[in-house]
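Report on one structure; see the data block that follows.
Coordinate-derived values only; no laboratory data. Keep in mind that this is a model prediction, so the values were computed, not measured. Virtual Cβ from ideal backbone geometry, glycine too; neighbours counted across all protein chains shown.
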Amino acid sequence: MKTHTIREKLCHHEPLLCTRLAYQDPGLVELVARLGVDCVWICTEHVRIDPSRLRSLITAVRCGGAEALVRVRPSGYSDLIQVLEMGANGLMIPWVKTAEEVREIVRMCKFHPQGRRGFDGSQIDADYGLKPMVDYLRDANESTFLVIQIETPEAVENLDEIAAVEGVDVLFLGPNDMSINMGLPGEISHPKITEIAKKVVQAAERNGKMAGTTCSNPEAFARWREMGFRFINYGSDYRMIRGGYEALIEDARASGFGKNANLLGSCR
């Protein structure tokens, strides 16, 4: 079975490159996974994904040689373990505010003695029942990684307690939501956001965890990396497609092709 490189790199504090995919095409997902990222982030918080489609996307990530991170806001126990049994390597939990929330997530995601996750053993994460139970339980606990999003002032107030929870691997700053919740929408470089980012990195380092965040351009990537973030989501399929087509259309317009905004405006 494939070695779980994410947990290995997390344990050695090696940098990890993640990218987010919004479109639900398994072929696209597998292509991105094959190109060399460590981790592919699939979001079910903002986009509802049919379970059979989600399973296909996770399988495509695995076939491409990367690891699947699924963001889910659980309403209950089954929301978490079903994603893990589909083969997801990691879970990202948004809108966390207290350490008790995190401890409950760990209890649901980990088998005894780390938690109280229930056993099935017939899904892809257990090699469809071909792996001995003892090996499966051990490997599942060792390979499943947990990413906790820090997006609110309340989470910042409880940052050290959250970071101290055993079973947490990454403290993930959500800069956009944090800026909104601080009354500074879109001001990612504002001193108050920078100060919070530093606190996330420091809390992660004090507790043997990794600090993570997201960005969409080289300048932001360099800035976060310099601050000490080592788990970085860089870009998304949406941004790559939009940016690629914007550049393509700009080149075409420079040659006289495409819609002429001034001409269209004069005809109204």
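Taking other C-beta atoms within 10 Å as the exposure proxy, Ile193, Ile124 rank Ile124, Ile193 from fewest upward. Setting aside same-chain residues fewer than 8 positions from Lys209, which lysines have a Cα under 22 Å from its Cα? Reachable lysines: Lys9, Lys97, Lys110, Lys198, Lys199. If R0 is 30 Å, the Cβ-Cβ spacing of Glu8 and Tyr77 corresponds to a FRET efficiency of close to 0.60.
Assuming charge only on the beta carbon of Lys and Arg (+1) and of Asp and Glu (-1), the dipole of segment 5-266 about its Cα centre is about 240 debye to the nearest 20.
Note on the chain: helix-only mean residue ellipticity at 222 nm, from DSSP H runs of 4+ residues weighted -39500 (n - 2.57) and normalised by residue number, equals -14000 deg cm²/dmol.
Between the C-alpha center of segment 174-199 and that of segment 109-159 there is a gap of 30 Å. The spread of Cα positions in the chain, taken along each principal axis and listed from longest to shortest, comes to 71, 42, 33 Å.
Each of Phe257, Phe119 was scored by other Cβ atoms within 10 Å of its Cβ. Listed from fewest to most, they are Phe257, Phe119. With respect to the chain, whose longest principal axis is taken over its alpha-carbon atoms, helix 51-63 is tilted by about 90°.
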